[in-house]
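To start, the structure itself, in structure tokens.
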Amino acid sequence: MTTPASPAAAQPASDAVKQAALNAVNRYAGQKGNLLPVLHDIQHALGYIPDDAVPVLSEALQLSRAEIHGVITFYPHFHSKPMAPTVLEMCRAESCQAMGANNLIDHARQKLGCDFHETSQNGQVSLEPVYCLGLCAQSPAVMVNGQPHARVTPAKLDKLLGEGA
Ligand code: FES
């Protein structure tokens, strides 16, 4: 049995990661409670938030590594590993559940051969949960690469994902 690495174990950040982290910190410098926009910024720049960004942020923002790691892992929107070319986010909140989201999710799991927080067997789709996309009146809802889609059926989902999924 191996011992899991501690969150964001100390490793020198790659230049690209360090630069993205410092750019984000500079963009929101002096703003109180700027950790969330900084994290959004890094994810937007790199597609995810690498573990080695955490020590850089810890030093720059004067926050503990555990605190930063806790925020990254608390919000399903943040990813600490690279995503597939297509990111499918499926709403698991109440309205969507009442309108058949669980069946839709089962369909996606079966089609992709993976579960939430995993990537499809062909490496083309990352499956992620979200908790309300603001489309409750048109449930069930999903987002594909940041584009929201409402009243999604299994057939519509297949079409959205295309042949590559
Ligand atoms: S509950 Fe799914 S969009 Fe609001």
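Computed values, structure above
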{"item": "Cα-based helix-to-principal-axis angle, 35-46 vs the chain, degrees rounded to 10", "result": "70 degrees"}
{"item": "Per residue convex hull volume, Cα atoms of the range 1-142, in Å³", "result": "144 Å³"}
{"item": "Peptides 45-56, 67-78 ordered by average Cβ neighbours within 10 Å, highest first", "result": "45-56, 67-78"}
{"item": "Label-point separation in nm, residue 155 to residue 23, each point 7 Å along Cα→Cβ", "result": "4.4 nm"}
{"item": "Cα centre as origin, Lys/Arg/Asp/Glu Cβ charges: the range 1-149 dipole, Debye", "result": "140 debye"}
{"item": "Residue 116-residue 64 pseudo-label distance in nm [points 7 Å out on the Cα-to-Cβ vector]", "result": "2.7 nm"}
{"item": "Of 111, 32, 81, the one that fluctuates the most in a GNM where the chain has Cα springs shorter than 10 Å", "result": "32"}
{"item": "Ellipsoid equivalent to the range 19-93 - semi-axes via the Cα gyration tensor, in Å", "result": "21, 13, 12"}
{"item": "Centre separation in Å (Cα based) which lies between the range 123-161 and the range 48-71", "result": "30 Å"}
{"item": "Any cysteine of the chain lacking a neighbouring Cys Cβ under 4.7 Å - listed by number", "result": "114, 132, 136"}
{"item": "Rough spin-label spacing in nm, given labels placed 7 Å along Cα→Cβ, for residue 132 and residue 145", "result": "2.9 nm"}
{"item": "Selection from 104, 63, 75 lying farthest towards where the dipole of the range 60-165 points positive, charges on Cβ", "result": "104"}
{"item": "Relative contact order of the chain, defined on C-alpha pairs under 8 angstrom at six or more residues apart (%)", "result": "18 percent"}
{"item": "The chain: calculated mean residue ellipticity at 222 nm from DSSP helix runs of at least 4, using -39500 (n - 2.57)", "result": "-12000 deg cm²/dmol"}
{"item": "Three-way shape call for the range 61-125 based on the alpha-carbon gyration tensor, with the a/c threshold at 1.5", "result": "oblate"}
{"item": "Charge dipole magnitude, Cβ of K and R +1, D and E -1 - the range 48-96, Cα centre, debye nearest 20", "result": "100 debye"}
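No value in this document is a laboratory result; all are computed from the given coordinates. If you're wondering where the values come from, they're calculated on a predicted model, not measured in any experiment. No Cβ is skipped: glycine too gets one built from the backbone with ideal geometry, and neighbour counts run over all protein chains shown.
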